[in-house]
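Undergrad: Below you will find the structure I want to go over with you.
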Amino acid sequence: MSELANTGCARTAAPALRLRRLVDILCAGTAMVVFLPIFLLTALAIWTEGGRPIFYSQLRLGLNGLPFRMYKFRKFRADCDDRGSPLTAMNDDRMTTIGRVLAAFKLDEFPQLWNILRGDMSFVGPRPETLAFADCFRNGFEKILEHKPGLVGPCQILFRHENTLFPQDGDVADFYRKVLFPAKAKIDLAYYPNRTIMSDLWWVVQTAWIIVGEPLLSCIRKDRPDGRGRKPTGYIGGTLVSKADGCSNDE
């Protein structure tokens, strides 16, 4: 009986998976064409400041825990490698001048459109972790790996200023494992088993607003004579983190 139920669920899920894959291909392909001038200017800026390589690649945990190579625009110095911290701290001295601009506007993430076209990632999904934090996927958190990792999603938005939450003193990686990873994992486990195409599109729209709308709004507010501002939206992550349990887990 259970086998029949599982077969029925698989048949129901298959059309949604095919539709989501079609949306991924269309959106990623369109975005690569639309943003091609920005890609070329970014590549030129990186090359002018520090030469090659233009891109940075790193193994990340993908669907069912299988590693894949994820691509980004290089934001660290060319002599940096994976032997450093897997997390990017505020005022990280490994970051170049261009890299700080890329990180501020999340432009370093754009090459992952290629990962989406390849099928390694989806447009919306859990953020793929580095292999350094593979040990965190246990005690129920391994269910996150049943979903294809994504470029955008709830945690990518809520924790977009994640490095502001890192402790000034102490082991940042340990803090990530015990506080930030569990907080993000619980959000992912609450969202992805019940997601819909429309809810995914809503997170894409929110991401577009954050990348384009928020910086413009921030510039307008800075130009106001009274100088009023708003508390950085990344502090929402602090509220979520404060409620998280300890557990055994980015950028």
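The values are calculated or read from the model by the stated rules, or taken from the named source; none is laboratory data. These numbers come from a predicted model, not from an experiment. We place every Cβ from the backbone using ideal geometry, glycine too, and count neighbours over all the protein chains shown. What goes into the accessible areas is simple: the full protein's heavy atoms, side chains included, and nothing from ligands, DNA or RNA. Shrake-Rupley method; radii C 1.70, N 1.55, O 1.52, S 1.80 Å.
Undergrad: Distance in nm between label sites at residue 105 and residue 49, each 7 Å beyond Cα in the beta-carbon direction?
TA: 1.2
Undergrad: Just list whichever of 106/143; 148/178; 148/184; 72/106 have alpha carbons separated by over 21 Å in the model shown.
TA: Details: 106/143 27 Å; 148/178 24 Å; 148/184 16 Å; 72/106 10 Å.
From the list (106/143; 148/178; 148/184; 72/106), the Cα-Cα distance tops 21 Å for 106/143; 148/178.
Undergrad: For segment 62-161, just the Cα set please: Rg and Dmax, both in angstrom.
TA: 14.0, 40
Undergrad: As a test of reading the structure, rank 147, 161 by solvent-accessible area (1.4 Å probe, protein chains only), most first. Mind dumping the intermediate values first?
TA: Working: 147 45, 161 70 Å².
Output order, biggest surface exposure first: 161, 147.
Undergrad: Tell me which of 185, 139, 157 sits at the most positive position along the dipole axis of segment 69-206, charges placed on C-beta atoms (Lys, Arg +1; Asp, Glu -1).
TA: 157
Undergrad: How do 118, 60, 77, 177 stack up against each other in accessible area, from largest to smallest, with a 1.4 angstrom probe? Before the final figure, lay out the partial values.
TA: Values: 118 135, 60 5, 77 100, 177 60 Å².
Final ranking, largest accessible area leading: 118, 77, 177, 60.
Undergrad: With every protein chain left in place, what is the accessible area of residue 57 in Å² (1.4 Å probe, nearest 10)?
TA: Using a 1.4 Å probe on the heavy atoms, I get roughly 40 Å².
Undergrad: With a cut-off of 8 Å between alpha carbons and a minimum separation of six or more residues, what is the relative contact order of segment 21-87 in percent?
TA: Working: 41 pairs, mean separation 14.8, N = 67.
The normalised contact order for segment 21-87 reaches 22 percent.
Undergrad: Residue 56 accessible area, nearest 10 Å², 1.4 Å probe?
TA: 80
Undergrad: Just to confirm the filter: which trypsin sites (Lys or Arg not before Pro) across segment 131-164 are DSSP coil and have at most 14 other Cβ within 10 angstrom of their Cβ?
TA: Values: sites: 138, 143, 160; in loops: 138, 160.
Taking segment 131-164 and a limit of 14 other Cβ atoms within 10 Å, the loop trypsin sites (Lys or Arg not before Pro) found are 138.
Undergrad: Placing unit charges on C-beta atoms (Lys and Arg positive, Asp and Glu negative, everything else neutral), compute the dipole magnitude of segment 102-228 about its Cα centre in debye, rounded to 20. Write out the running numbers ahead of the final one.
TA: Values: 16 positive and 16 negative charges, 68 e Å.
I would put it at about 320 debye.
Undergrad: Which ³J(HN,Hα) values in Hz, rounded to whole numbers, follow from the phi angles of segment 125-136 under the Karplus curve 6.51 cos²θ - 1.76 cosθ + 1.60, where θ = phi - 60° and Gly and Pro get x?
TA: Here the 3J(HN,Hα) series is x, x, 5, x, 7, 6, 5, 5, 10, 4, 5, 7 Hz.
Undergrad: With a 1.4 Å probe and all protein chains kept in place, how much accessible area does residue 209 have, in Å² rounded to the nearest 10?
TA: 140
Undergrad: Percent antiparallel among DSSP beta bridges with both residues in segment 35-172, to the nearest 5? Provide the component values of the computation, followed by the final result.
TA: Numbers: 9 of 11 bridges.
In segment 35-172, DSSP labels about 80 percent of beta bridges as antiparallel.
Undergrad: Would you mind calculating the gained length between residue 217 and residue 59 on full extension (0.36 nm times residue separation, minus the Cα-Cα distance), in nm to one decimal? Don't jump to the answer; show the numbers that get you there.
TA: Numbers: separation 158, 0.36 × 158 = 56.88 nm, distance 3.56 nm.
Full-extension gain reported as 53.3 nm.
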